[in-house]
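**Q** My structure is below; once you've seen it, I'll send some questions.
Nothing in this text is a laboratory measurement; each read-out follows from the coordinates by a stated rule. None of the values given here were measured: they were computed from a predicted structure. Cβ placement follows ideal geometry from the backbone for every residue including glycine, while neighbour counts extend to all protein chains displayed.
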Amino acid sequence: MRDGLQQYRSATWRTASANGRKTHAYVLRAMARVTTDRTPAIPPAAEAYLVTIAFRAEHEPTDRALTRIKRHRSGFTGAELLAGRQFLEKWSLPVSDLTTAHVRRLIAEVGTGRASSTEGRRWGDMRTVLRWWVNEDLIEERVITRVGRVRGTVIEPPGEDDPIPTEAEMWAMAWALCLVGQPRYAALPFVMGGGGLRAGECFALRRRDCVDEPGGGMWLTVRRSYSKPGKDWTTDGAADEHRGTKAKGPDGDRRGRRTYLPPVEASILRTHIERYTARDAEALVFTTSRGKPVDVAHLQERAWQRA
């Protein structure tokens, strides 16, 4: 399993986005923990290798590169991490022995998210790996059939009683963000709700992307999406990445789109731009108090969920 997972990682590394590599690693680590019968408990050094080193690059470090590490950030020496990797190599379940029962147990293990969409996405990541193995003749297709329905893989259309955010709730969310977060984020719900933008698209907006129109509204040109997966996941070693809007492929849709922001929401965004956005045409509309790009995950944890 471990070698098969690394083969998949190496084959797909360059075509995956940094954020996709990061989110996909959770499932790869879970699959790498599948071992043969009567395997001893996974030692801490092997677990540390999985969490901090495995699947974080196109290729794994060599044995010599590992032994040169005096003290890794995980607290283990390079020799201990190498021993952990050798444990995984020794006890990992052969890909040819994978059965539907193994897949079902994996689904139960990774399907622990609080949101059904999380479970559905993780199963989608796992299915991508399994499909790649089928195409490479590493496993038979029957292994991934009849696994049962996974929560979150089918998005039901909203019913009459399903809650849909209203305009009043949009205003309430803006006030809550202003109180528990910072006033500089109060305009965010209006741009997302009024213009139909995702959070990552909002944080990639520049001043020149926001153009007034005679009726008091505003046209927003959405060309990019911003995320901050961390330097361990990007090809160039940067902590963040700009990619296209939501679309298939690692870079998304670079053509972008134009969306209209109604007059009321546009007036709030104008006030925000005048107060918090730098004068340069390339300046980001939404930034932190230090002028840095906004990390979506940190904002959700520190302010959005509380609001």
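**Q** Taking the Cβ of each residue in THR100, THR15 as the centre, tally the other Cβ atoms inside 10 Å and list the residues starting with the fewest. Spell out each step's value before the answer.
**A** Details: THR100 14, THR15 10.
Fewest-to-most Cβ neighbours within 10 Å comes out as THR15, THR100.
**Q** Arrange ARG206, ARG9 by Cβ neighbour counts within 10 Å, fewest through most, would you? Intermediate values should be presented prior to the final figure.
**A** Numbers: ARG206 16, ARG9 22.
Going from sparsest to densest Cβ surroundings: ARG206, ARG9.
**Q** Could you tally up the Lys pairs in the chain with alpha carbons closer than 21 Å? Skip any pair fewer than 8 positions apart unless they're on separate chains.
**A** Numbers: LYS22/LYS228; LYS22/LYS231; LYS22/LYS246; LYS22/LYS248; LYS228/LYS246; LYS228/LYS248; LYS228/LYS292; LYS231/LYS292.
So the count works out to 8.
**Q** A further question follows. Taking the Cα of GLN300, stepping 7 Å toward and past its beta carbon, and measuring to each backbone N in segment 203-228: which are under 20 Å?
**A** Backbone N within reach: 203-205, 224-228.
**Q** Okay, next question. How much length is gained if the chain between THR67 and SER289 is pulled fully straight, taking 0.36 nm per residue apart and subtracting their Cα-Cα distance, in nm to one decimal?
**A** 75.7 nm
**Q** Please list, ordered by chain and number, the residues whose modelled amide H lies under 5 Å from the amide H of ARG206; skip anything fewer than 5 residues away on the same chain.
**A** Amide H neighbours of ARG206: VAL285.
**Q** With contacts defined as alpha carbon pairs under 8 Å and 6 or more residues apart, what's the relative contact order of the chain in percent? Please list the in-between numbers first.
**A** Working: 430 pairs, mean separation 50.5, N = 307.
Computed over the chain, the figure is 16 percent.
**Q** Assuming R0 = 45 Å, what is the FRET efficiency of THR166 and VAL134, from their Cβ-Cβ distance, to the nearest 0.05? If you can, show how the numbers build up before the last one.
**A** Numbers: r = 46 Å, r/R0 = 1.02.
Result of the calculation: an efficiency of 0.45.
**Q** Turning to a different aspect of this structure: For an R0 of 25 angstrom, estimate the FRET efficiency from the Cβ-Cβ distance between ARG142 and ALA11 and round to the nearest 0.05.
**A** Working: r = 23 Å, r/R0 = 0.92.
That pair, ARG142 with ALA11, gives E of 0.60.
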